[in-house]
Amino acid sequence: YVFRPFKCQERLYKRFSALLKRLGMKGTLHDLRHSFASNLAMSGTPIPVIKELLGHADISTTMIYSHLSPNLYQVAIDKLPFEL
């Protein structure tokens with residue numbers, strides 16, 4: 001699983017922060033997690049799959065990513081076998 005909690009989380013956060021500082025960049029490890037989820041949502045990955053990858057206990061937490069790709073509504077409709 002990607003970006004799930006693990007034993008040395010604090011150490012990873014500190015090392016990532018130090019790396020960004022050396023590169024002259026701003027951000028957090030959580031920003032990568034958010035980008036990961038956002039890009040999955042925008043590529044059409046189902047929210048339940050994103051929920052599992054992120055390790056969220058409640059899908060309502062994951063639902064914040066569902067608004068990112070409004071064009072997916074049209075993509076879903078276009079999959080219907082109707083000829084106009």
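The values are calculated or read from the model by the stated rules, or taken from the named source; none is laboratory data. Just so you know, these numbers come straight off a predicted model, no measurement behind them. Cβ sites come from the backbone with ideal geometry, for glycine too, and all protein chains shown count toward neighbours. SASA here: full protein model, heavy atoms, side chains in, ligands and nucleic acids out. Shrake-Rupley method; radii C 1.70, N 1.55, O 1.52, S 1.80 Å.
Dipole magnitude for the chain: computed about the Cα centre from +1 point charges on Lys and Arg Cβ and -1 point charges on Asp and Glu Cβ, it is near 780 debye. Per atom type, the chain shows carbon and sulfur on 62% of its accessible surface, probed at 1.4 Å. By the rule of a C-alpha distance below 17 Å, with chain neighbours fewer than 8 residues away ignored, the aspartates and glutamates paired with LYS51 are ASP31.
Scanning the chain for chymotrypsin sites (Phe, Trp or Tyr not before Pro) in DSSP loops with at most 10 other Cβ atoms within 10 Å, what's the longest stretch left with none? Longest stretch, sites excluded: 7-81. A dipole drawn for the chain from +1 and -1 charges on Cβ atoms has a positive end, and of GLY55, LEU29, TYR73 the residue lying farthest that way is LEU29.
With every protein chain present, what is the per residue accessible area of the chain (1.4 Å probe, Å²)? Spell out each step's value before the answer.
Working: 6750 Å² over 84 residues.
Value for the chain: 80 Å² per residue.
Taking the chain, how much of its Cα-Cα pair set, in percent, is spaced more than 21 angstrom apart? All intermediate terms of the calculation are to be shown ahead of the outcome.
Values: 1568 of 3486 pairs.
Here the tail beyond 21 Å accounts for 45 percent of pairs.
Longest exposed-loop-site-free stretch of the chain, with trypsin sites (Lys or Arg not before Pro), DSSP loop and at most 16 other Cβ within 10 Å? With a cap of 16 other Cβ atoms within 10 Å, the longest stretch comes to 27-78.
Working from Cα positions, state the angle (0 to 90°, nearest 10) between the long axis of helix 29-42 and the longest principal axis of the chain. For 29-42 against the chain, the angle is about 10 degrees.
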